[in-house]
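To start, the structure under review is shown below, and the notes come after it.
The values are calculated or read from the model by the stated rules, or taken from the named source; none is laboratory data. Computed from a predicted structure; not experimentally measured. Positions of Cβ are generated from backbone atoms using ideal geometry, with glycine treated the same way; all protein chains shown enter the neighbour counts. Just the protein is used for accessible areas: all its heavy atoms, side chains included, with ligands, DNA and RNA removed. Shrake-Rupley method; radii C 1.70, N 1.55, O 1.52, S 1.80 Å.
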Amino acid sequence: MNDHVKRKGTQQSHHKFINLKFEYVQDEIVLDSINFNVEKGKLCLMGGENGSGKTTLLKFVCGLLYNSLKNESVRKFVSENPSQFLYFTDDTLYPDFSVNDYLFLNYKETNSKLGQKYRTFRDRLYEAIEQSKIQATPDSLINKLSSGNRIILRFINLLLNNYDVLILDEPSTHLDEEKTQSLIQLIKYYIESNNCYCILVTHDPRLLNHKFFKIIEDKLWLKNGSLVREGSFGADKENNHI
């Protein structure tokens with residue numbers, strides 16, 4: 001899946017998803033009448049055990065699943081947000097591309113936040129590599145990078161582009177402690193500076209216990225395809241295996 005999904009439309013500062021339902025086969029419910037809100041400039045954090053429906057929910061709100069665009073709230077969200085950065089753990093990069101070629105493929109010069117400061121894409125690329133602390137050069141081949149550096153490479157796109165929506169499914173998987181901290185800072189910086197929507201799924205305690213994530217008010221807990229709680233994970237997060 002490409003990181004950059006572009007559509008035309010208008011934009012608002014908040015959105016409510018209403019009555020999200022999905023089943024892969026008849027009578028096998030994966031998402032069961034889910035309602036929740038998202039707001040630009042704020043992170044919506046989602047937890048739940050494996051198989052609870054988290055990844056399915058993310059793909060549903062992006063309009064990527066069969067019949068998802070028949071839901072009015074999903075259709076409106078997709079049409080009003082032209083540019084989406086989608087990260088799913090089952091995605092793959094282009095192994096024969098260089099770092100430079102891959103990022104240039106996704107680059108949108110007119111919307112770049114760094115466009116006023118740097119005169120060329122190459123200049124912006126070097127700055128993004130420095131900020132992300134990725135162990136690579138612009139000429140490095142993707143198939144030579146470690147799994148952790150490949151993940152960070154995906155997020156360098158955030159420093160080069162202006163996305164309306166970030167959809168992040170277990171983004172810290174395969175990252176060591178140093179790269180996890182870099183990822184947290186990158187996500188925090190991007191949400192605050194770009195005033196975008198962000199929905200993040202994780203069960204990684206390194207993220208959940210970080211001060212940036214712990215103060216987030218918009219937290220969702222999924223269980224068997226249902227939203228069973230909204231708000232702070234609180235003292236009983238251990239019982240919920242989050």
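Which of the peptides 93-102, 139-148 is most tightly packed, and how do the rest follow, going by the mean number of other Cβ atoms within 10 Å of each residue?
Descending mean neighbour count gives 93-102, 139-148.
Can you tell me the FRET efficiency between ASN106 and ILE216 if r is taken as the Cβ-Cβ distance and R0 is 30 Å, rounded to the nearest 0.05? Walk me through the numbers before you get to the answer.
Details: r = 27 Å, r/R0 = 0.91.
Calculated transfer efficiency: 0.65.
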Using a 1.4 angstrom probe on heavy atoms only, work out the carbon and sulfur share of the accessible area of the range 62-108 in %.
54
Taking 22 Å as the cut-off for C-alpha to C-alpha distance, list the pairs among LYS179/LYS223; LYS188/LYS219; LYS21/LYS188; LYS70/LYS223 that go past it.
LYS179/LYS223; LYS21/LYS188; LYS70/LYS223
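What ranking, highest mean first, results for peptides 152-162, 174-184 when packing means the other Cβ atoms within 10 Å averaged over each residue? Don't jump to the answer; show the numbers that get you there.
On the way: 152-162: 21.5, 174-184: 16.3.
Going from most to least packed, we get 152-162, 174-184.
Rolling a 1.4 angstrom probe over the protein heavy atoms, how many square angstrom per residue are accessible across the range 55-207?
Values: 6650 Å² over 153 residues.
About 43 Å² of surface per residue is accessible.
Over the range 122-236, with every protein chain in place, what whole percent of the accessible area is carbon and sulfur at 1.4 Å, could you tell me?
Numbers: 2320 of 4840 Å².
Answer for the range 122-236 is 48 percent, counting heavy atoms of protein chains only.
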As an exercise, use a Förster radius of 22 Å and the Cβ-Cβ distance of THR92 and SER146 to find the FRET efficiency, rounded to the nearest 0.05.
0.90
